[in-house]
Structure formats: structure tokens, C-alpha cells
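Beneath this line is the structure, given in C-alpha cells, with notes to follow.
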């Protein structure tokens, strides 16, 4: 008897949404009653497809743009035969998926930052959010109500085994980098031009991780001058192993990477934000953990003001203005380099002095999904 299909979509805005989806599938495959009866199919493109290709966990990948309904509507008749759908932080395909009458669990990693919620979210079977710092404020602000609402712990896989750091290893992670609206500005090129000369002086092993076309172009540019620096995008297990072993971690302020560094108690330095959600996340992280080091565009009143609850494209444009200001500002670049060198010169930072711990919500969502199978 042919296996039934479970469909997944994930917004190609960095690696966050697809990373969470891949973790869910990993745990679903551990359940014999699920793995023996169901196939997992991804509808997606760009960095979502890139990481999924590396992970090799989907039975089938259908390359299409899931940021809008028109593209996925080509598969409408096929979609009607699916058992179930998991949409991750991308409302674009919802009108088509809802019309198929196939059950939908929608996971929203950025619930806390939206100006308004998509009206289709009230039509999905379950709407799942992470219990991030500002989730309570957002629920009050938008007066959210609904019996299909589920709030869960961070959707990461917690470390359960002891590990040993390598004092000669530094790890840089830019995340998914390229996004569905625009290519990353030349900020990354500038940051690497400053970081790599300093890192190779102190560490015999340096790895630069990232996604999209940007990491490939950076590799092509720097591989001759720095032949011992490794560039690449990695499946989740390999990425996590690098994160464990590195003694210094220089990372983008994406939510999934922060949670993983938090869980592993890593010595981290946050890079400048590449998108709107990263900027807002860093503000909230700094509020809860004031000693955590990293770059903040609001260091000077002369910089562009970035407000909360902006529409996504408007928020991105606001960030790009700040990036341009940073690139053109000698003062800002000198201050950033000063902070970076200070981070390298110090021992491990105690940015979580109260020893706050987190739980994983993966099991909660797996349990929810199984109720639909």
C-alpha cells in the first residue's frame, strides 16, 4: 500500500523556518507508526531547498516559490491527496492549502514581531507560536483569540551529551544570508575583511557557515588569501557539532542560532543584524542579557531609527538604510572592530549569570501533528 504524504512549506527567509521543520521531521521519523506509513514532501526554494538538499531528510522536494499562492496553486489537485500540511512562517500558500480542505498546522517563529496577523491564520487547524520574550506583549497588543492557538517552548533540539571545546577553533555563522526580498548588502564582505585577518592569527581552524549564493561568492573571493579557512553550508547535525566544538562563536542574531548557543552556553559575539527580525530579536536579547556582546545599530542617535511592528518589507528597508550608514561611517566601523577585538581578547563571557535554562517545544509539536495522522 503506497504511503500517504505529509507536506511541508517553509519561508526562505534565512535558515530558521526550514531548520525547525527539519528537526520536526527528524523526530517524526523516529516514530515507527509515522515513518512506516508516511512520506515527507517539501514545497520550497532558495535557502529552504538548499538546506533540505544538504540534510537529505525529505522523500521529495518540489521546487517552487511558496511566498505567494499563485505558484503553489499549480499543484492544487495533487495537494488534495495529502494527509496533512505543516506551514512554517509563510502565509503565502495558505489560501490554496485551505481550499484543499487538508488539515494545516501553521508554525509562526515570528509571531511576536508582526504588525498584523494574516487573516488566513484564523482558518488553519492549529496556529503554533514559540514562547519568545515578547509573545505576551504581542498577544495583548493584537487581542489574539482562538481555540486553535498553541504556545510552545523554543523549537530546537537540546543538547543531552557532554562535549569538549577546541581552543584552536573559531566559528562564524551568517545564517541563511540571502532572503526572498533582496540579496544581502556588502556588509558581509566588509565584516569578513576585518574578522579573517584577526582570527587566523589566533586560531588554526576557522569555519565560515552560511547559505544562499553569498557564501559561495565569499568563498571564491577569500579562499586564495585564506586557504585554511573553510566556507560552506552544513546540515543541522554538522552545524551543531561545529557550534559545540568552537571556543569562540561569532554569529548572526537569528533566533534559532541564539537558542542553540544559549543551550550550549557558548561564548558568542553577535554580528550586525542582516534583517528586520534579527534586529528586533537582538534588542530583546540584550534587554534580558545586558552583558551579551554584539553590534547594535542604535549605538548612535545619527543612525536610522528602526521601529517595532513595521510591515516586513518596510522593516527590511529600514535595516538596509542602517547597513548603508554603517558601511559609510568610519566611526561606526571603528567601534565595531573595537568590540570584536575585545571579544577575542577576553576569556569566556558570563552573559547568563543567573543560569537561565530553556526547554524544547519539539515534542509538543510532534505530539500535536500525530493527532492529525
Taking segment 99-142 as the search range and keeping residues that are touching a strand residue (DSSP E or B) at 6+ places or on another chain (Cβ under 7 Å) and part of a helix (DSSP H, G or I), which one is surrounded by the most Cβ atoms within 10 Å (Cβ to Cβ)? 111
Qualifying positions in segment 199-218 - at pLDDT 95 or above, in a helix (DSSP H, G or I) and farther than 15 Å from residue 249 by Cβ: 200, 201
So, of the residues in segment 143-154 that are touching a strand residue (DSSP E or B) at 6+ places or on another chain (Cβ under 7 Å) and modelled with pLDDT of 85 or more, which turns out to be farthest from residue 20 (Cα to Cα)? 148
Just to verify a result, which residue in segment 237-247, among those that are touching a residue at least 12 places away in the same chain (Cβ under 8 Å) and surrounded by fewer than 22 Cβ atoms within 10 Å (Cβ to Cβ), is nearest to residue 49 (Cα to Cα)? 240
Scan (1) free of Cβ contacts under 8 Å to residues at least 60 places away in the same chain; (2) over 23 Å from residue 212 (Cα atoms) for the single condition residue 84 breaks and write down its number. (1)
Would you be able to tell me the number of residues in segment 308-328 that are surrounded by 14 or more Cβ atoms within 10 Å (Cβ to Cβ) and either out of contact with any helix residue (DSSP H, G or I) (no Cβ under 9 Å at 6 or more places or on another chain) or not in a loop (DSSP other than H, G, I, E, B) (or both)? 14
Selection from segment 279-306 of residues that are over 12 Å from residue 326 (Cβ atoms) and in contact with a strand residue (DSSP E or B) (Cβ under 9 Å, 6 or more places away or on another chain): 282, 285, 286, 292, 293, 294
If I ask for residues that are in contact with a helix residue (DSSP H, G or I) (Cβ under 6 Å, 6 or more places away or on another chain) and closer than 21 Å to residue 72 by Cα, which ones from segment 20-31 would you list? 22
Selection over segment 263-278 where residues are in contact with a strand residue (DSSP E or B) (Cβ under 7 Å, 6 or more places away or on another chain) and assigned to a loop (DSSP other than H, G, I, E, B) yields a count of 3
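The values are calculated or read from the model by the stated rules, or taken from the named source; none is laboratory data. Keep in mind the model is a prediction, meaning the values are calculated, not measured. Glycine also receives a Cβ, built like all others from the backbone with ideal geometry; neighbour counts cover every protein chain displayed.
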